[in-house]
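This structure is in structure tokens; I'll ask about it shortly.
Nothing in this text is a laboratory measurement; each read-out follows from the coordinates by a stated rule. Please read all numbers here as calculations on a predicted model, not as lab measurements. So basically every Cβ, Gly included, is an ideal-geometry build from the backbone, and we count neighbours across all protein chains shown.
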Amino acid sequence: MSVAGRQLAVPTAAAMEAFGGALARAVAPGTLIFLSGDLAAGKTTLVRGYLRALGHAGVVKSPTFTLVESYALADRSVHHFDLYRLADPDELTYLGLDDYLGPDADCLIEWPECGVGGLPEPDLRIAIAFEGDTGRIVTVDAVGGRGQSVLGRLASEDSNSERS
């Protein structure tokens, strides 16, 4: 079940990183997030902000060629997938996707449409679309109760930041 979620304007790369940070603060460990959007839409930039908010200070690179980059953090692991080069969803079995999914591991998957049939339902679907020369529109949709909880916490964080 997909629940219509939130749509927000993200005018800069710094704003995309900030949104990634807000998202990281809103999710519970074990969350599965699908990231869709054209090349250079800002998917990896969002993941960079997500990881920074969870304490990662090192480089965050796109896993375009490695398919997955993993990060061991204080209270969870984060696995960043890029399925753009996947030729067949069956390759997810060889990649060992099931080994990455777990209660203490967040998985952020770019290009999930390349893995249709081999991926479980996500908790969140995030679509990033270009708007104008530099801006983006980010649409966040919840899938199930865990995703709805994340949307609630994101809304709460927005309310708290507006009061500050």
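Count the DSSP beta bridges whose two residues both fall in segment 4-143, then state the antiparallel fraction as a percent rounded to the nearest 5. Spell out each step's value before the answer.
Details: 19 of 34 bridges.
Roughly 55 percent of the beta bridges in segment 4-143 run antiparallel, per DSSP.
Oh, and also: If you build the Cα gyration tensor of segment 1-93 and take the root of 5 times each eigenvalue, what three semi-axes come out, in whole angstrom, biggest first?
For segment 1-93, the semi-axes come out at 20, 17, 15 Å.
So who's got an amide H within less than 5 Å of the one on Gly30, skipping anything under 5 residues away but keeping other chains? H placed 1.01 Å off N, in plane.
It is Ala105, Asp106, by chain and number.
Here is a follow-up. Computed FRET efficiency, Cβ-Cβ of Thr134 and Glu113, R0 25 Å: what is it to the nearest 0.05? All intermediate terms of the calculation are to be shown ahead of the outcome.
Working: r = 25 Å, r/R0 = 1.00.
Calculated value: 0.50.
Which part of segment 12-41 falls in the paramagnetic zone of Glu121, meaning amide N under 20 Å from the point 7 Å along Cα-to-beta-carbon?
From segment 12-41, the list is 27-36.
Let me ask you something else. Please order Tyr50, Tyr71 by the number of other Cβ within 10 Å, starting at the fewest.
Listed from fewest to most nearby Cβ atoms, that is Tyr71, Tyr50.
For the chain, rounded, prolate or oblate, judged on the Cα gyration tensor with a ≥ b ≥ c (square roots of eigenvalues), a/c < 1.5 rounded, else prolate if a/b > b/c?
rounded
What's the extension gain from Ala40 to Ser62 if we count 0.36 nm per residue and subtract their Cα-Cα distance?
Going from the current span to full extension adds 6.8 nm.
Still on this structure, I have one more. Quick one: among Asp90, Asp82, Asp106, which has the greatest mean-square fluctuation in a GNM of the chain with alpha-carbon springs under 10 angstrom?
So, out of Asp90, Asp82, Asp106, the one fluctuating most is Asp90.
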